[in-house]
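Taking it in order: structure first as structure tokens, then the write-up.
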Amino acid sequence: MNTFSTLISLALLISTRLALVQAAVYVTNPVQSTVCTGGQSCEVDWVDDGTSPLLSSIGESTVGLYNGEMVLVQSLTSVDVSSTHTLSFTPNPSAGPNGD
């Protein structure tokens, strides 16, 4: 079973339908010391930085699991970030090697 180490092999990218987005999204969980294991549930939480556009005005966003090279290794369900600030998913054990 693969282990994905936060900020190395586990990178969450939330992309929106907006062409120019200047606001920032901050992942508050998992933190650097958190480990997500392939085949087991992992939770990701996020907030915006208070700069427009706020999450409340963005809506449906695409979410994926990326490796340390920012290559998509697992597509995840889309999320309406205007009403949800957390996502639980199960990393695919074959998505890639263990993280550092």
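The values are calculated or read from the model by the stated rules, or taken from the named source; none is laboratory data. A quick note: this is a predicted structure, and the numbers were derived from the prediction, not measured. Cβ atoms come from the backbone with ideal geometry, glycine included; neighbour counts cover every protein chain shown.
In table form, for the structure just shown:
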{"quantity": "Residue within region 17-25 that is under 18 Å from S83 (Cβ atoms), at pLDDT below 85 and either of a type in the set (F, W, Y) or not in a loop (DSSP other than H, G, I, E, B) (or both) present", "calculated": "yes"}
{"quantity": "Residue check, P97 touching a residue at least 24 places away in the same chain (Cβ under 8 Å), part of a loop (DSSP other than H, G, I, E, B), more than 20 Å from A24 (Cβ to Cβ) and touching a strand residue (DSSP E or B) at 6+ places or on another chain (Cβ under 6 Å)", "calculated": "no"}
{"quantity": "Filter result (out of contact with any Cys (no Cβ under 6 Å at 6 or more places or on another chain), part of a strand (DSSP E or B) and within 13 Å of S88 (Cα to Cα)) within region 26-36", "calculated": "N29"}
{"quantity": "Members of region 37-46 that are assigned to a loop (DSSP other than H, G, I, E, B) and more than 17 Å from N67 (Cα to Cα)", "calculated": "Q40, S41"}
{"quantity": "Cβ pairs under 9 Å, 6+ apart, first in region 54-68 and under 21 Å from C42 (Cβ atoms), second assigned to a helix (DSSP H, G or I) and among the small types (G, A, S)", "calculated": "L65/A95; N67/A95"}
{"quantity": "Residue selected from region 56-73 under the condition of a type outside the set (A, V, I, L, M, F, W, C) and within 14 Å of L87 (Cα to Cα), by the criterion surrounded by the fewest Cβ atoms within 10 Å (Cβ to Cβ)", "calculated": "E60"}
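Residues are listed down the side, and each one gets a yes or a no for (1) at pLDDT 85 or above; (2) basic (K, R); (3) surrounded by 11 or more Cβ atoms within 10 Å (Cβ to Cβ):
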position: N29; (1), (2), (3): yes, no, yes
position: Q32; (1), (2), (3): no, no, no
position: D45; (1), (2), (3): yes, no, yes
position: L54; (1), (2), (3): yes, no, yes
position: L76; (1), (2), (3): yes, no, yes
position: S82; (1), (2), (3): yes, no, yes
position: L87; (1), (2), (3): yes, no, yes
position: G96; (1), (2), (3): no, no, yes
position: G99; (1), (2), (3): no, no, yes
